[in-house]
Amino acid sequence: MSPFWQRIKTLPATSRKWRERLRIKSPWDMIIIALMGILIAIPVFLIADQAFINPGWDYHIDRIFLFLGIAAAIIFLLRLLRRIIIICLILYAIALLYGTLFSDYGFSSVAEDYRSMIYTMADDPYPQDVVLAKLLPFPNKSKIIAAIDYNDPKVRNFAVTAATKNFSEMKGYGDYRRMIQCFSIFKEVRDRWHYVNDPRSHEYIADASETVEHFSGDCDDHAIFMAACIAAIGGTPRLISTSDHIYPEMLIGNLHNLDNANFLIKEVLFKKEIGKDKLHYHIDERGQVWLNLDYTARYPGGPFMSEEILGALTLY
């Protein structure tokens, strides 16, 4: 028999040896599967907790049974696929180790993302949207980030002018000067904005420095422009995506800052526009308050077009 065919004959045995080397011995494989099942079961339980009617049993026994049932089902499924799961986990661990050593996304980043997701889901009336926000990529993320050219002189000049065009007569609110200036920009853009559709069958992403020439475009053009103007005067904006809409928000601060923003908007700056309405905002996993600045709103913190959140893009 030739050496070539001898090598071919020994391939299965060699493959079996490598599989034996890569195999994680019991009980460690079951411990890993159980830990994975519990980590997956927690967010699934938070979604199920909202979906199933709570019968109000003593000591929340019904919820305990619900969690145990979900965890058992997930662990059972993972056991059926444990070989594939273990291999994927090894590859994922290698990728995270590389990220920890040579990039900015590693084990600590994954732990922080998981912690923040659970924290947000626990207080969110639509916890499934939080999971989607983590799993789904923000649409046209790289193009949008590039389009928010807040350092462009034309954008900066407009933002500075708009920041002082309204409410400049306000005295005694020096601690909230930047917030008031951001509200002034919102008012100026709102009064001048015209909605214009994208070209047919094409998603056109306009730079903020382009939009400042005509103050027109669709929702993503407005969100990009507002975010650039807010950032140009030192504010912190972020963009929220829903199933068919993108809108901007600005960082207000904590709940104490929200009380002050509420007073300024309802009693001083937008008293006529807001009337008896309320502010609309989101609170993230760090307790930070983000105020809606959509073009459909008559005042900062106006009603949302959609309550769902499929993605959040923050500019720090």
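The values are calculated or read from the model by the stated rules, or taken from the named source; none is laboratory data. The structure presented is a predicted model; accordingly, all values stated were derived computationally and were not measured. For neighbour counting, all protein chains shown are included, and Cβ atoms are generated from backbone atoms with ideal geometry for every residue, glycine included. Please note that ligands, DNA and RNA were not included when accessible areas were found on the heavy atoms of the full protein model with its side chains. Shrake-Rupley method; radii C 1.70, N 1.55, O 1.52, S 1.80 Å.
Met36 contributes about 40 Å² of solvent-accessible surface, heavy atoms of the protein only, 1.4 Å probe. Using θ = phi - 60° in the Karplus curve 6.51 cos²θ - 1.76 cosθ + 1.60, the 3J(HN,Hα) couplings for the range 211-227 round to 5, 5, 6, 9, 6, 9, x, 9, 5, 6, 5, 5, 4, 4, 5, 4, 4 Hz; x is entered for Gly and Pro. Distance between the C-alpha centres of the range 241-304 and the range 81-98: 42 Å, rounded to the whole angstrom. Just Ile61, Ile145, Ile240 to compare: in a GNM of the chain, with alpha carbon springs under 10 Å, which one fluctuates most? Among Ile61, Ile145, Ile240, the largest GNM mean-square fluctuation belongs to Ile61. For Ile252, the amide hydrogen comes within under 5 Å of the amide hydrogens of Val289, Trp290, Leu291, counting only partners 5 or more places away or on other chains and with H modelled in the peptide plane. Relative to the longest principal axis of the Cα atoms of the chain, the long axis of helix 82-102 lies at roughly 50 degrees. The peptide list 231-239, 257-265, put in order of mean Cβ contacts within 10 Å with the highest first, becomes 231-239, 257-265.
Normalised by the number of residues in the chain, the mean separation of alpha-carbon contacts (under 8 Å, six or more apart) gives a relative contact order of 15 percent.
Roughly how tilted is helix 61-80, in degrees to the nearest 10 and between 0 and 90, from the longest Cα axis of the chain? It works out to around 50 degrees.
Modelled label positions at Ile145 and Arg192, each set 7 Å beyond Cα in the direction of Cβ, lie 2.9 nm from each other.
Here the extension length gained between Asp244 and Glu273 equals 7.8 nm, from 0.36 nm per residue of separation less the Cα-Cα distance. Per-residue ellipticity at 222 nm from helix content only, as computed over the chain with -39500 (n - 2.57) for each DSSP H run of at least four residues, stands at -18000 deg cm²/dmol. Rolled with a 1.4 Å probe across the full set of protein chains, the surface gives Val155 an accessible area near 0 Å². Taking the three principal axes of the alpha carbon atoms in the chain, the coordinate ranges are 92, 64, 39 Å, sorted in descending order. Accessible surface for the chain, divided over its residues, is 60 Å² per residue with a 1.4 Å probe. Within the accessible surface of the chain, defined with a 1.4 Å probe on protein heavy atoms only, the carbon and sulfur portion equals 60 percent. Of all aspartates and glutamates in the structure, the ones whose alpha carbon falls short of 13 Å from that of Lys154, not counting any fewer than 8 places away in one chain, are Asp207, Glu210, Glu213.
Annotation: peptides 162-172, 295-305, ranked by per-residue average of other Cβ atoms within 10 Å with the highest first, follow the order 295-305, 162-172. When all protein chains stay in place and ligands, DNA and RNA are ignored, the 1.4 Å accessible-area order of Ile40, Ile74, largest first, is Ile40, Ile74. Helix 107-123 axis versus longest C-alpha principal axis of the chain: approximately 60°, rounded to the nearest ten. Beta bridges per DSSP, both residues in the chain: antiparallel share near 90 percent. Seen from Phe52, the other residues with C-beta closer than 15 Å to its C-beta sum to a net charge of -1, counting Lys and Arg as +1 and Asp and Glu as -1. Amide H to amide H, with H built 1.01 Å from N, Ile246 comes under 5 Å of Asp220, counting only residues 5 or more places away or on other chains.
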